[in-house]
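Read through the structure below, which is laid out as structure tokens, and then see the notes.
The values are calculated or read from the model by the stated rules, or taken from the named source; none is laboratory data. Values in this document were obtained by computation on a predicted structure and should not be read as measured data. Glycine gets a Cβ as well: all are built from the backbone with ideal geometry, and neighbour counts include every protein chain shown.
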Protein chains: 2
Amino acid sequence: MLNTKPDHATLAKLSAAEVRAAIRRGDWDRHTAGLAAGKLQCNLAILPEAHALDFLRFCQRNPKPCPVVGVSDTGDPILPTLGRDIDIRSDVPRYRVFRDGEMTEEVTDIADLWRDDLVTVALGCSFTFENALMRAGIPVRHVELDRTVPMFNSDIELVPAGPFHGKMVVTMRPIPEDSVEDAWRISARFPQAHGAPLGRGDPAGFGIADLDAPDYGEAVPVHPGEVPVYWACGVTPQNVLRAARLPFCITHAPGHMLIADVAEDAATTVLQP
Amino acid sequence: MLNTKPDHATLAKLSAAEVRAAIRRGDWDRHTAGLAAGKLQCNLAILPEAHALDFLRFCQRNPKPCPVVGVSDTGDPILPTLGRDIDIRSDVPRYRVFRDGEMTEEVTDIADLWRDDLVTVALGCSFTFENALMRAGIPVRHVELDRTVPMFNSDIELVPAGPFHGKMVVTMRPIPEDSVEDAWRISARFPQAHGAPLGRGDPAGFGIADLDAPDYGEAVPVHPGEVPVYWACGVTPQNVLRAARLPFCITHAPGHMLIADVAEDAATTVLQP
């Protein structure tokens, strides 16, 4: 048997556990969009226990950008509430390592960096509600165009906790005028994935100068008859973590998520035995 | 002016802030059911920071009995995300103080007991979804009969975290057969208040021997054409805290809740500026 690595189409047919196994073997180090359809994908913050209580308080106070879906025991790389045999040291395609607020490495495995004082916090991500929008026939422009969602530094102040503070990052998706109400209702069903939009319409209302110049990701056109709709974004906790200049923390690389065994539309994000 | 204390009917016309002020003055030390209609009422756990991270992990892993709606800074008795000028040392009608797992005092103010290492965790309570059921015309038997809801020690194992573990306490409400689906849908809207039921029907399915012999609260009759429906109960975290035998912790006295300024049907439990 040739040791060929699977392509995206092959991987997209596999279960969440099988995709994680491929990632763990080193057979997949690319983004996870479209993989393990129907399963919750997670943003990650891995940080020393000394900062974990403040970080959880921060997330509790800012639930739209920072919806907590799982928290590990201190020093334990296994996440039993999110899936079977999830080892956070190896089961994510790409990680970013930060020291004193600076990114020092992007790696595909963190076994060598693991420490007994680390706590993993998993946060919901926008894939969940985007999938639900698309299932309902509502177009998601950046997916259609195979671009990264446009993200903007808004002027919305976050509620601080300990060293964590800053302003919210928001995403923008153009939605056809007659689908805005449905998009609102559908995404509101997923508080574990940013929930309902923050608002719609004029970007100036969020302190955004130019929708064609996103701070992260790529611009997408807003066509006639469409309305720009804004959601809280999972880049928010990443920025806040970086700005807090913790001596050490690890996140996933953007788009390279942890795939859980929990269904993305489950009533809670805790795996039922 | 005579210094007469207000009765329940008088208090029931006041805002949440006015009710808290009456409680703070010592003018009300009884239960809070029916007060400040439409506002979130909260169960309380006040515990040393040394145990707060584990307790938050426990709540995250058991969101149905332990829905976190607010967390204070360490040593800070003020809870700005739940309301304006909430001082947790005085704004709850009755508190229970536990030392090494034993209740040592029931008091109406904890200013003398406050410590710089205490963290307040506020948890949603069943008043929220009961109010929504009643607004929809679904009868709530124990309210009709002016009894305490019947509560049972179930055989549902909780997901442990640190010293916190045990089995879930559940409540039972008899619901007319043709309203069960509505009751499910309505309570599911309030994940911050135990959410959808855990199940319905045979109490043996939850390890409950006799619906007429609740472990806490008072029995209520299940009439012909009604189905017993079971929800997760906020006594669960209280029992778990007590069983963990922390050197020191404080809870509210049952039924004597913190009343927040947050609307009980708000999208998040964080007060918007």
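Quick notes on this one:
- Filter result for residue A:85 (charged (D, E, K, R) and more than 9 Å from every other protein chain (Cβ to nearest Cβ)): yes
- Residue tally, condition over 25 Å from residue B:122 (Cβ atoms) and not assigned by TED's automatic domain parsing to the domain that holds residue B:149, over segment B:202-248: 0
- Selection count, segment A:69-101, where residues are surrounded by fewer than 24 Cβ atoms within 10 Å (Cβ to Cβ), part of a strand (DSSP E or B) and in contact (Cβ under 8 Å) with a residue 24 or more places away in the chain: 6
- Filter result (modelled with pLDDT of 95 or more and either under 26 Å from residue A:191 (Cα atoms) or among the β-branched types (Val, Ile, Thr) (or both)) within segment B:144-158: B:156, B:157, B:158
- Filter pass, residue A:132 being closer than 22 Å to residue A:63 by Cα, in contact with a Cys (Cβ under 6 Å, 6 or more places away or on another chain) and touching a residue at least 40 places away in the same chain (Cβ under 8 Å): no
- Complete set of residues in segment B:176-192 that are touching a Leu at 6+ places or on another chain (Cβ under 8 Å), small (Gly, Ala, Ser) and within 14 Å of another protein chain (Cβ to nearest Cβ): B:187
- Within segment A:20-35, if we keep just the residues that are crowded, with 24+ Cβ neighbours inside 10 Å and of a type in the set (A, V, I, L, M), the residue that is farthest from residue A:241 (Cα to Cα) turns out to be A:35.
- Criterion: at pLDDT 95 or above, of a type in the set (A, V, I, L, M) and either out of contact with any helix residue (DSSP H, G or I) (no Cβ under 6 Å at 6 or more places or on another chain) or surrounded by fewer than 21 Cβ atoms within 10 Å (Cβ to Cβ) (or both) - qualifying residue of A:188, A:161, A:132, A:204: A:204
- Of all residues in segment A:135-154, none are within 14 Å of chain B (Cβ to nearest Cβ), of a type outside the set (Ser, Thr, Tyr) and surrounded by fewer than 17 Cβ atoms within 10 Å (Cβ to Cβ).
- The residues in segment A:165-179 that are of a type outside the set (A, V, I, L, M) and buried (at least 24 other Cβ atoms within 10 Å of the Cβ) can be counted, and the count is 2.
- Flag for residue A:263 being of a type in the set (Gly, Ala, Ser) and in contact with a Phe, Trp or Tyr (Cβ under 6 Å, 6 or more places away or on another chain): no
- Segment B:102-118: number of residues that are crowded, with 19+ Cβ neighbours inside 10 Å and within 14 Å of chain A (Cβ to nearest Cβ): 1
- Search result, residues across segment A:18-34 that are touching a residue at least 24 places away in the same chain (Cβ under 8 Å) and either within 18 Å of residue A:127 (Cα to Cα) or not in a helix (DSSP H, G or I) (or both): A:19, A:20, A:26, A:28, A:29, A:30, A:31, A:32, A:33, A:34
- The set of residues in segment B:179-193 being part of a helix (DSSP H, G or I) and not aromatic (Phe, Trp, Tyr) consists of B:179, B:180, B:181, B:182, B:183, B:185, B:186, B:187, B:188, B:191, B:192, B:193.
- Unique residue being over 23 Å from residue A:243 (Cβ atoms) and either β-branched (Val, Ile, Thr) or within 14 Å of chain B (Cβ to nearest Cβ) (or both) when the list is A:80, A:163: A:80
- If you go through segment B:245-273 and keep only what is in contact with a Leu (Cβ under 8 Å, 6 or more places away or on another chain) and over 20 Å from residue B:15 (Cα atoms), you end up with B:246, B:248, B:249, B:250, B:251, B:252.
- Selection from segment B:56-68 of residues that are within 8 Å of chain A (Cβ to nearest Cβ) and not in a helix (DSSP H, G or I): B:62, B:63, B:64, B:68
- Checked against the criterion of being among the small types (Gly, Ala, Ser), within 14 Å of another protein chain (Cβ to nearest Cβ), in a loop (DSSP other than H, G, I, E, B) and more than 26 Å from residue B:29 (Cα to Cα), the candidates B:196, B:209 yield just one match: B:196.
- Within segment A:224-245, the residues that satisfy the criterion of being assigned to a loop (DSSP other than H, G, I, E, B) and buried (at least 20 other Cβ atoms within 10 Å of the Cβ) are A:233, A:234, A:244.
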